[in-house]
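Asker: Here's a structure for you.
Each reported figure results from applying straightforward, stated rules to the coordinates on display, with no laboratory input. Fair warning: this is a prediction, and the values are worked out from it, not measured in the lab. When we count neighbours, we look across all protein chains shown, and the Cβ atoms used for this are built from the backbone with ideal geometry, even at glycine.
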Amino acid sequence: MTPALSRLTALILGDVRADRVVPPSGAAAWLSVLTSAAMAFLAVFALALSLATGRLAERWSSALAEGATVRVSAPAGQMETQTRLVLEILAATPGVASARALDPAETQRLLEPWLGPDLPVESLPIPTLVEVTERDAGFDAEGLRLRLAAEVPGATLDDHLRWRRPLIEAASAIRRIGLVALALIAGTTAAMVTLAARAALAANGQVIRVLRLIGAQDNYIARAFVRRFTLRTFFGAVAGTAAGMAGVALLPSPSAEGGFLSGLGLSGAGWLWPLLIPPLAALVAFAATRAAAFRTLRKVQ
């Protein structure tokens, strides 16, 4: 058996006599369990937000990249003529697959979430929208914009570039915030477990001195603390992760009606990522407790 495997076996199985060094209950025990549960709960939501942001931004960017919109503003008597000229220009533009003007009913459905269902579209000076679908190679947006400005002054091209760029920037920023939040959660977990381990070691100072008198080495004493607090952190993180995943599952499912907030849950293989939180929390607790144990044992005379 390799030394690493031996240490892992000792960590899992433990030593009954050494485990008696660590108090089975008390503030230190509850502090490590509750802290790891709370941090794991928050980590699930930070992870879900980070993953969902990238997924939503990709979906929105793909949807907006598929086409463009031409907005035609003209007096009522000239609207039909201006719209026909725009459609003719688009039909002759390389890279444009198709173009069609939205009828008043479609325009009303687009405006309904903002202005209500009883909007009298026909009696309002609302611009006509022309939906443009581009080919894979795309079209020269700047050239088309200049031609429209010259031939149809009331037409404005929106190729959605100004919408895609903020989405990508916002997604990157939120993803960075999610990663920073996960790092802060890991740091907080390590700090709280370290404090709990130091409190337990300080409370058992007399027992540690007696163990040293009968020949116990610091490795033997520290291993008991490392195992106990690592397992406490692991099981606390399991409970917190389960609660967090249940909370994420209760979020609204992705839908067009729900908008941004309905897409903040996990989906598909994304549900596997939170399962890494408990073992990672245990690794953080292992490293923090081991460092705290040896540092404290050096101070105990």
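Asker: Let me know the whole percent of all Cα-Cα pairs from the range 74-153 that are separated by more than 17 Å.
Answerer: Above the 17 Å cut-off, the range 74-153 has 53 percent of its Cα pairs.
Asker: Right, next: For Ser73, list long-range residues whose amide hydrogen, built 1.01 Å from N in the peptide plane, is under 5 Å from its own amide hydrogen.
Answerer: Ala155, Thr156
Asker: Order of 281-291, 240-250 by packing, highest average Cβ count within 10 Å first?
Answerer: Details: 281-291: 21.5, 240-250: 17.2.
The most tightly packed comes first, giving 281-291, 240-250.
Asker: Right, another one. Which order, highest average first, do 190-198, 36-44, 175-183 follow once you tally other Cβ atoms within 10 Å for each residue and take the mean per peptide? Kindly include the intermediate steps, with their values, before the conclusion.
Answerer: Values: 190-198: 21.7, 36-44: 24.2, 175-183: 14.7.
Per-residue mean Cβ counts within 10 Å order the peptides as 36-44, 190-198, 175-183.
Asker: Now for a different question. Can you list residues whose amide H is under 5 Å from Ala97's amide H, if they're 5+ apart or on another chain and H is modeled 1.01 Å from N?
Answerer: Those lying under 5 Å, H to H, from Ala97 are Thr133, Glu134, Arg135.
Asker: While we're here: What list of ³J(HN,Hα) couplings, whole Hz, do you get for the range 169-180 from phi and the Karplus terms 6.51, -1.76, 1.60, once you set θ to phi - 60° and write x for glycine and proline?
Answerer: 5, 5, 5, 5, 5, 5, 5, 5, 4, x, 5, 5
Asker: Further question on the same structure: Once the other residues with Cβ under 14 Å from the Cβ of Ala155 are scored (Lys, Arg +1; Asp, Glu -1), what is the net sum?
Answerer: -2
Asker: Counting Lys +1, Arg +1, Asp -1, Glu -1, what net charge surrounds Gly143 among other residues with beta carbon under 14 Å of its beta carbon?
Answerer: -3
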